[in-house]
Amino acid sequence: MRFEPKFVIPLSALAACGTVMCIVGCAVPGHWWPLLTLLFTCVAFATAFMYPSANDDPHMHYWFQLITAAAIASSLGLLVIFFRIQIIYGLGFGLFLAGLLLLYAALTVFVVYARRED
């Protein structure tokens with residue numbers, strides 16, 4: 001799969017803005033525990049990057065989609081749990097949630113573009 005520069009630069013900028021917002025969202029309340037949700041985000045990105053290479057077995061696409069969806073749900077769920085037990089609150093929660101949504105928007109654009117290339 002070949003990426004054109006017109007897609008790589010905006011996707012990397014979107015992911016960088018999302019990561020910065022997540023870090024600032026943790027710095028506002030002074031707790032760094034919500035960064036654990038980025039582990040699930042890394043799993044989601046890893047499975048999404050493996051998605052285009054699974055051309056041999058069509059069932060692998062379903063496994064990659066399942067693992068990616070589970071990682072995204074776990075990431076957002078863990079953030080909500082941190083909000084409910086008051087580890088992250090207010091502005092920090094909003095910034096971190098917005099950052100995660102930006103990261104997942106970049107991931108969605110990548111997966112849609114990868115499917116279009118197939």
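Our summary of shape: the Cα atoms of the stretch 5-117 have principal axis extents of 46, 30, 14 Å, ordered from largest down, in whole angstrom. The dipole here belongs to the chain: it is taken about the Cα centre, uses +1 on the Cβ of Lys and Arg and -1 on the Cβ of Asp and Glu, and is about 300 debye.
Whole angstrom only: what separates the Cα centroid of the stretch 21-44 from the Cα centroid of the stretch 57-92? Taking the Cα centre of each part, the stretch 21-44 and the stretch 57-92 sit 12 Å apart.
Just from its helices, what would the mean residue ellipticity at 222 nm be for the chain, if runs of 4 or more DSSP H residues each count -39500 (n - 2.57) and the sum is divided by every residue, rounded to the nearest 500 deg cm²/dmol?
On the way: 4 runs with 92 residues, N = 118.
Computed ellipticity for the chain at 222 nm equals -27500 deg cm²/dmol.
Between residue 74 and residue 49, the contour length at 0.36 nm per residue exceeds the alpha carbon distance by 7.1 nm.
Where a number appears in this text, it was derived from the coordinates with a stated rule and is not lab data. Source: prediction; values computed, not measured. We place every Cβ from the backbone using ideal geometry, glycine too, and count neighbours over all the protein chains shown.
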